[in-house]
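The values are calculated or read from the model by the stated rules, or taken from the named source; none is laboratory data. In this text the structure is predicted, and so the values were computed from the model without any measurement. Here the Cβ positions follow ideal geometry from the backbone for every residue, glycine too, while neighbour counts run over all protein chains shown. Protein only, heavy atoms only, side chains kept; ligands, DNA and RNA dropped before computing areas. Shrake-Rupley method; radii C 1.70, N 1.55, O 1.52, S 1.80 Å.
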Amino acid sequence: MSAGDGLCAEVGVAGVPKYIGASRDYETMFAQLSAAGIDIFFPVFQYQEAPAPATLGHEADFVPPCERTSPAFAALRRHKIRLVVPGGLIYPTSGAFPSIELDPLNALLACAGREAIYGVLGFDEPALNGIGLDASRKLYERVKEIDPSLPVLMVQSPMVIEPGRQDSDAARTQYMEQVRQQSEYADIVGFSLYAIPAAIAKLGSPGHGDEIVDYPTAIDGYMGWLSDNLPGKQTMAVLQSFAYADQFEHAYLTQVAPPEMIAEARDPTKQELKTMAQISIDRGAQLIIWYGSAFKADPASPLWDDVLTVSKALPR
(Lines give C-alpha, C1' and ligand atoms only; values in the text may rest on other atoms or scores of the structure.)
Protein backbone atom coordinates (compact mmCIF):
# COMPACT_ATOMS: atom_id res chain seq x y z
CA MET A 1 0.00 0.00 0.00
CA SER A 2 1.34 3.46 -0.86
CA ALA A 3 0.57 7.07 0.00
CA GLY A 4 -1.73 7.14 -2.97
CA ASP A 5 -3.90 4.60 -1.17
CA GLY A 6 -4.75 7.16 1.48
CA LEU A 7 -2.04 6.67 4.11
CA CYS A 8 -0.77 9.85 5.75
CA ALA A 9 1.06 11.08 8.82
CA GLU A 10 1.59 14.14 10.97
CA VAL A 11 5.12 15.56 10.92
CA GLY A 12 7.26 17.06 13.66
CA VAL A 13 10.86 17.90 14.48
CA ALA A 14 12.94 17.28 17.57
CA GLY A 15 15.25 20.24 17.35
CA VAL A 16 16.36 22.67 14.67
CA PRO A 17 19.92 23.34 13.43
CA LYS A 18 22.21 24.95 15.98
CA TYR A 19 22.60 28.09 13.84
CA ILE A 20 18.81 28.56 13.95
CA GLY A 21 18.22 27.54 17.56
CA ALA A 22 20.94 29.83 18.86
CA SER A 23 18.92 32.90 17.88
CA ARG A 24 15.92 32.04 20.09
CA ASP A 25 13.89 33.69 17.33
CA TYR A 26 10.83 31.52 17.76
CA GLU A 27 8.70 33.68 15.51
CA THR A 28 10.93 32.97 12.51
CA MET A 29 11.61 29.38 13.55
CA PHE A 30 7.97 28.38 13.87
CA ALA A 31 6.95 30.30 10.76
CA GLN A 32 9.48 28.22 8.81
CA LEU A 33 8.18 24.97 10.28
CA SER A 34 4.58 25.88 9.58
CA ALA A 35 5.37 26.77 5.95
CA ALA A 36 6.79 23.26 5.52
CA GLY A 37 3.70 21.61 6.98
CA ILE A 38 5.47 20.78 10.23
CA ASP A 39 3.27 21.54 13.21
CA ILE A 40 4.78 19.45 16.04
CA PHE A 41 7.89 20.54 17.95
CA PHE A 42 9.94 18.78 20.60
CA PRO A 43 12.29 21.22 22.35
CA VAL A 44 15.80 19.76 22.19
CA PHE A 45 18.75 22.10 21.72
CA GLN A 46 21.61 19.66 22.36
CA TYR A 47 24.24 20.21 19.69
CA GLN A 48 26.99 17.82 20.83
CA GLU A 49 27.26 14.27 22.21
CA ALA A 50 31.01 13.88 22.68
CA PRO A 51 33.47 14.36 24.27
CA ALA A 52 30.69 15.62 26.56
CA PRO A 53 27.03 16.46 25.94
CA ALA A 54 26.45 20.17 25.27
CA THR A 55 23.24 22.13 24.75
CA LEU A 56 22.28 25.72 24.04
CA GLY A 57 20.01 25.38 27.07
CA HIS A 58 16.90 26.77 25.39
CA GLU A 59 14.87 23.77 26.52
CA ALA A 60 14.21 25.99 29.53
CA ASP A 61 12.03 28.22 27.33
CA PHE A 62 9.48 25.39 27.09
CA VAL A 63 9.25 24.14 30.69
CA PRO A 64 8.16 25.80 33.94
CA PRO A 65 8.57 28.36 35.30
CA CYS A 66 6.92 29.93 32.28
CA GLU A 67 4.64 32.75 31.21
CA ARG A 68 1.80 32.54 28.70
CA THR A 69 3.05 35.72 27.02
CA SER A 70 6.67 34.55 26.60
CA PRO A 71 8.07 34.72 23.04
CA ALA A 72 8.27 30.92 22.86
CA PHE A 73 4.65 30.23 23.75
CA ALA A 74 3.24 33.24 21.90
CA ALA A 75 4.98 32.14 18.68
CA LEU A 76 3.91 28.53 19.25
CA ARG A 77 0.25 29.53 19.33
CA ARG A 78 0.50 32.09 16.54
CA HIS A 79 1.84 29.52 14.08
CA LYS A 80 -0.33 26.67 15.38
CA ILE A 81 2.67 24.59 16.37
CA ARG A 82 1.97 21.91 18.98
CA LEU A 83 4.51 21.14 21.67
CA VAL A 84 5.63 17.68 22.71
CA VAL A 85 6.29 18.15 26.42
CA PRO A 86 9.62 16.64 27.56
CA GLY A 87 8.43 14.40 30.37
CA GLY A 88 12.00 13.60 31.33
CA LEU A 89 12.62 17.27 32.15
CA ILE A 90 9.56 17.75 34.33
CA TYR A 91 9.28 14.41 36.16
CA PRO A 92 11.85 12.38 38.13
CA THR A 93 12.76 8.81 37.15
CA SER A 94 12.76 7.86 40.83
CA GLY A 95 11.18 9.18 43.98
CA ALA A 96 7.97 11.10 44.50
CA PHE A 97 6.25 13.17 41.84
CA PRO A 98 5.18 16.72 42.74
CA SER A 99 1.68 17.23 44.08
CA ILE A 100 -1.09 17.82 41.54
CA GLU A 101 -1.34 21.44 42.68
CA LEU A 102 2.37 21.98 41.93
CA ASP A 103 2.62 19.71 38.93
CA PRO A 104 4.70 21.27 36.11
CA LEU A 105 2.38 19.86 33.45
CA ASN A 106 -0.46 21.92 34.86
CA ALA A 107 1.80 24.97 34.65
CA LEU A 108 2.64 24.18 31.02
CA LEU A 109 -1.02 23.79 30.10
CA ALA A 110 -1.61 27.25 31.51
CA CYS A 111 1.35 28.75 29.63
CA ALA A 112 0.83 27.12 26.25
CA GLY A 113 -2.88 26.32 26.25
CA ARG A 114 -4.21 22.82 25.65
CA GLU A 115 -4.54 23.42 21.89
CA ALA A 116 -0.78 24.08 21.67
CA ILE A 117 0.27 20.82 23.37
CA TYR A 118 0.40 17.66 21.26
CA GLY A 119 1.30 15.27 24.06
CA VAL A 120 3.92 14.29 26.62
CA LEU A 121 7.06 12.31 25.78
CA GLY A 122 7.80 9.69 28.42
CA PHE A 123 11.28 8.87 29.66
CA ASP A 124 13.70 8.54 26.76
CA GLU A 125 14.43 5.03 25.44
CA PRO A 126 13.48 3.46 28.80
CA ALA A 127 14.42 -0.13 27.95
CA LEU A 128 17.90 0.96 26.86
CA ASN A 129 18.42 3.40 29.73
CA GLY A 130 17.28 1.07 32.50
CA ILE A 131 14.23 3.12 33.45
CA GLY A 132 12.00 1.04 35.70
CA LEU A 133 8.49 0.06 34.68
CA ASP A 134 7.16 1.80 37.76
CA ALA A 135 8.63 5.13 36.64
CA SER A 136 6.97 4.88 33.22
CA ARG A 137 3.69 3.82 34.83
CA LYS A 138 3.75 6.76 37.25
CA LEU A 139 4.40 9.23 34.45
CA TYR A 140 1.61 7.77 32.32
CA GLU A 141 -0.89 7.77 35.16
CA ARG A 142 0.01 11.31 36.21
CA VAL A 143 -0.50 12.68 32.69
CA LYS A 144 -3.87 10.96 32.45
CA GLU A 145 -4.86 12.25 35.90
CA ILE A 146 -4.17 15.82 34.77
CA ASP A 147 -5.70 15.51 31.29
CA PRO A 148 -6.91 12.15 29.92
CA SER A 149 -6.94 13.59 26.39
CA LEU A 150 -3.16 14.11 26.36
CA PRO A 151 -1.36 11.25 24.61
CA VAL A 152 1.83 9.90 26.11
CA LEU A 153 4.57 9.17 23.57
CA MET A 154 7.40 6.72 24.06
CA VAL A 155 10.55 6.41 21.94
CA GLN A 156 12.47 3.16 22.17
CA SER A 157 16.01 2.41 21.03
CA PRO A 158 16.41 -0.23 18.32
CA MET A 159 18.66 -3.24 18.83
CA VAL A 160 22.38 -2.62 18.27
CA ILE A 161 24.57 -5.51 17.17
CA GLU A 162 27.73 -5.00 19.14
CA PRO A 163 29.27 -6.51 22.31
CA GLY A 164 27.33 -5.66 25.44
CA ARG A 165 24.16 -4.84 23.51
CA GLN A 166 21.89 -7.17 21.53
CA ASP A 167 24.56 -9.43 20.06
CA SER A 168 22.92 -12.76 20.98
CA ASP A 169 19.50 -14.33 20.51
CA ALA A 170 18.94 -14.30 24.27
CA ALA A 171 19.87 -10.62 24.59
CA ARG A 172 17.60 -9.68 21.68
CA THR A 173 14.64 -11.62 23.07
CA GLN A 174 15.07 -10.13 26.53
CA TYR A 175 15.49 -6.61 25.22
CA MET A 176 12.44 -6.65 22.96
CA GLU A 177 10.32 -8.02 25.81
CA GLN A 178 11.47 -5.10 27.97
CA VAL A 179 10.48 -2.75 25.12
CA ARG A 180 7.06 -4.37 24.91
CA GLN A 181 6.46 -4.08 28.65
CA GLN A 182 7.56 -0.44 28.82
CA SER A 183 5.43 0.45 25.81
CA GLU A 184 2.25 -0.50 27.64
CA TYR A 185 2.59 2.87 29.41
CA ALA A 186 2.21 4.95 26.27
CA ASP A 187 -0.40 5.77 23.65
CA ILE A 188 2.00 6.40 20.75
CA VAL A 189 5.12 4.24 20.41
CA GLY A 190 8.05 4.29 18.01
CA PHE A 191 11.74 3.58 17.58
CA SER A 192 14.65 5.94 16.99
CA LEU A 193 15.84 4.65 13.62
CA TYR A 194 19.20 6.21 12.77
CA ALA A 195 20.66 3.66 10.37
CA ILE A 196 22.80 5.73 7.97
CA PRO A 197 25.47 4.49 7.45
CA ALA A 198 24.69 0.93 8.47
CA ALA A 199 28.32 0.06 9.25
CA ILE A 200 28.48 2.78 11.90
CA ALA A 201 24.91 2.54 13.23
CA LYS A 202 25.10 -1.28 13.58
CA LEU A 203 21.34 -1.63 13.87
CA GLY A 204 19.68 -4.99 14.09
CA SER A 205 16.06 -5.57 13.17
CA PRO A 206 13.37 -8.00 14.36
CA GLY A 207 13.58 -11.26 12.44
CA HIS A 208 17.11 -10.64 11.17
CA GLY A 209 19.18 -12.24 13.92
CA ASP A 210 22.63 -10.69 14.28
CA GLU A 211 22.59 -9.09 10.82
CA ILE A 212 23.47 -5.39 10.66
CA VAL A 213 20.74 -3.88 8.50
CA ASP A 214 20.21 -0.88 6.25
CA TYR A 215 17.54 1.74 6.88
CA PRO A 216 14.75 0.23 4.72
CA THR A 217 15.14 -3.11 6.52
CA ALA A 218 15.31 -1.45 9.93
CA ILE A 219 12.22 0.69 9.39
CA ASP A 220 10.23 -2.17 7.90
CA GLY A 221 11.23 -4.49 10.73
CA TYR A 222 10.42 -2.20 13.63
CA MET A 223 7.18 -0.89 12.17
CA GLY A 224 6.14 -4.50 11.60
CA TRP A 225 7.09 -5.39 15.17
CA LEU A 226 4.96 -2.56 16.52
CA SER A 227 1.98 -3.73 14.48
CA ASP A 228 2.38 -7.35 15.64
CA ASN A 229 3.19 -6.73 19.31
CA LEU A 230 1.38 -3.49 20.21
CA PRO A 231 -1.75 -3.61 18.04
CA GLY A 232 -3.69 -1.26 20.31
CA LYS A 233 -1.14 1.55 20.11
CA GLN A 234 -0.67 4.36 17.62
CA THR A 235 2.77 4.27 16.04
CA MET A 236 5.43 6.77 15.06
CA ALA A 237 8.87 6.73 13.47
CA VAL A 238 11.71 8.88 14.79
CA LEU A 239 13.97 9.34 11.79
CA GLN A 240 17.53 10.53 11.22
CA SER A 241 18.10 14.14 10.21
CA PHE A 242 21.76 14.32 11.20
CA ALA A 243 25.16 12.89 10.33
CA TYR A 244 26.86 10.79 13.00
CA ALA A 245 29.97 12.94 12.55
CA ASP A 246 28.05 16.06 13.57
CA GLN A 247 27.52 14.72 17.08
CA PHE A 248 31.20 15.19 17.92
CA GLU A 249 33.29 18.25 18.65
CA HIS A 250 35.47 18.50 15.54
CA ALA A 251 38.92 18.39 17.17
CA TYR A 252 37.88 15.43 19.29
CA LEU A 253 36.44 13.60 16.30
CA THR A 254 39.66 13.89 14.32
CA GLN A 255 41.52 12.35 17.26
CA VAL A 256 39.25 9.31 17.71
CA ALA A 257 38.17 8.46 14.16
CA PRO A 258 40.12 7.98 10.91
CA PRO A 259 39.31 10.30 7.99
CA GLU A 260 37.58 7.55 6.00
CA MET A 261 35.18 6.85 8.86
CA ILE A 262 34.44 10.56 9.30
CA ALA A 263 33.67 10.82 5.58
CA GLU A 264 31.37 7.79 5.81
CA ALA A 265 29.42 9.32 8.72
CA ARG A 266 27.52 11.58 6.34
CA ASP A 267 24.16 13.34 6.14
CA PRO A 268 21.17 11.46 4.78
CA THR A 269 20.40 12.56 1.22
CA LYS A 270 17.10 14.15 0.24
CA GLN A 271 16.06 10.89 -1.44
CA GLU A 272 16.94 8.91 1.68
CA LEU A 273 14.89 11.27 3.84
CA LYS A 274 11.95 10.84 1.48
CA THR A 275 12.29 7.06 1.38
CA MET A 276 12.64 6.74 5.16
CA ALA A 277 9.47 8.72 5.71
CA GLN A 278 7.53 6.94 2.99
CA ILE A 279 8.42 3.45 4.22
CA SER A 280 7.38 4.49 7.73
CA ILE A 281 4.04 5.81 6.53
CA ASP A 282 3.42 2.79 4.31
CA ARG A 283 4.01 0.58 7.35
CA GLY A 284 1.53 2.47 9.50
CA ALA A 285 3.34 5.37 11.18
CA GLN A 286 0.83 8.06 12.07
CA LEU A 287 3.58 10.43 13.18
CA ILE A 288 7.01 11.19 11.72
CA ILE A 289 9.54 12.99 13.93
CA TRP A 290 12.86 14.16 12.48
CA TYR A 291 15.58 13.98 15.13
CA GLY A 292 19.09 15.39 15.28
CA SER A 293 18.94 18.60 13.28
CA ALA A 294 20.35 20.47 16.28
CA PHE A 295 23.71 18.79 15.68
CA LYS A 296 24.06 20.69 12.39
CA ALA A 297 26.13 23.83 12.86
CA ASP A 298 26.89 24.61 9.21
CA PRO A 299 24.35 26.92 7.50
CA ALA A 300 25.78 25.93 4.11
CA SER A 301 24.59 22.35 4.51
CA PRO A 302 21.49 21.50 2.44
CA LEU A 303 20.22 19.00 5.03
CA TRP A 304 17.78 21.28 6.85
CA ASP A 305 16.27 22.54 3.60
CA ASP A 306 15.95 18.92 2.49
CA VAL A 307 14.09 18.06 5.71
CA LEU A 308 11.69 20.95 5.13
CA THR A 309 11.18 20.09 1.47
CA VAL A 310 10.55 16.41 2.10
CA SER A 311 8.22 17.18 5.00
CA LYS A 312 6.15 19.58 2.95
CA ALA A 313 5.60 16.92 0.27
CA LEU A 314 4.48 14.16 2.64
CA PRO A 315 0.81 13.17 2.53
CA ARG A 316 -1.29 14.65 5.33
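Worth a mention:
- Within segment 132-145, residues that are closer than 12 Å to Val120 by Cα sit with their Cβ atoms under 6 Å from residues that are of a type in the set (A, V, I, L, M) and open to solvent by less than 60 Å² (accessible area, probe 1.4 Å), at 6+ positions apart or across chains, in these pairs: Tyr140/Val152; Val143/Val120; Val143/Leu150; Val143/Val152.
- The residues listed here are Thr217, Thr173; of these, the one that is without any contact (Cβ under 8 Å) to a residue 40 or more places away in the chain, open to solvent by less than 70 Å² (accessible area, probe 1.4 Å), polar (S, T, N, Q) and on the phi < 0 side of the Ramachandran plot is Thr217.
- For segment 187-205, the criterion of being modelled with pLDDT of 95 or more, β-branched (Val, Ile, Thr), more than 23 Å from Ala243 (Cα to Cα) and open to solvent by less than 10 Å² (accessible area, probe 1.4 Å) is met by at least one residue.
- Within segment 86-100, residues that are under 20 Å from Pro65 (Cβ atoms) and free of Cβ contacts under 8 Å to residues at least 40 places away in the same chain sit with their Cβ atoms under 8 Å from residues that are open to solvent by 50 Å² or more (accessible area, probe 1.4 Å) and outside any helix (DSSP H, G or I), at 6+ positions apart or across chains, in these pairs: Gly88/Asp124.
- Taken together, the residues in segment 10-59 that are free of Cβ contacts under 8 Å to residues at least 40 places away in the same chain, open to solvent by 60 Å² or more (accessible area, probe 1.4 Å) and assigned to a loop (DSSP other than H, G, I, E, B) amount to 3.
- Among residues of segment 259-280 that are closer than 27 Å to Leu226 by Cα, those with a Cβ under 8 angstrom from a residue that is open to solvent by 60 Å² or more (accessible area, probe 1.4 Å) and assigned to a helix (DSSP H, G or I), sequence gap 6+ or separate chain, pair up as Lys270/Thr309; Lys274/Ala313; Ile279/Asp220.
- Phe123 being within 21 Å of Met236 (Cβ to Cβ), assigned to a loop (DSSP other than H, G, I, E, B) and touching a residue at least 12 places away in the same chain (Cβ under 8 Å): yes
- Scope segment 131-156; condition among the hydroxyl-bearing types (Ser, Thr, Tyr) and either open to solvent by less than 10 Å² (accessible area, probe 1.4 Å) or at pLDDT below 95 (or both); matching residues: Ser136
- Of everything in segment 234-259 that is open to solvent by 40 Å² or more (accessible area, probe 1.4 Å) and in a strand (DSSP E or B), the residue that is farthest from Ile219 (Cα to Cα) is Phe248.
- The residues of segment 68-103 that are in contact with a helix residue (DSSP H, G or I) (Cβ under 8 Å, 6 or more places away or on another chain) and loosely packed, with under 13 Cβ neighbours inside 10 Å, listed by number, are Arg68, Lys80, Ser94, Ile100.
- Within segment 291-316, the set of residues being of a type in the set (Gly, Ala, Ser) and either within 29 Å of Leu230 (Cα to Cα) or not in a loop (DSSP other than H, G, I, E, B) (or both) comprises Gly292, Ser293, Ala294, Ser311, Ala313.
- When each of Trp290, Trp225, Trp304 is tested for being surrounded by 23 or more Cβ atoms within 10 Å (Cβ to Cβ) and aromatic (Phe, Trp, Tyr), the lone residue that passes is Trp290.
- Residue count, segment 265-276 (criterion: more than 16 Å from the chain's Cα centre (by Cα), assigned to a helix (DSSP H, G or I) and buried (at least 17 other Cβ atoms within 10 Å of the Cβ)): 2
- Which listed residue is under 21 Å from Ala35 (Cα atoms), touching a helix residue (DSSP H, G or I) at 6+ places or on another chain (Cβ under 6 Å), not basic (Lys, Arg) and not in a loop (DSSP other than H, G, I, E, B), from Ile288, Ile279, Ile262: Ile288
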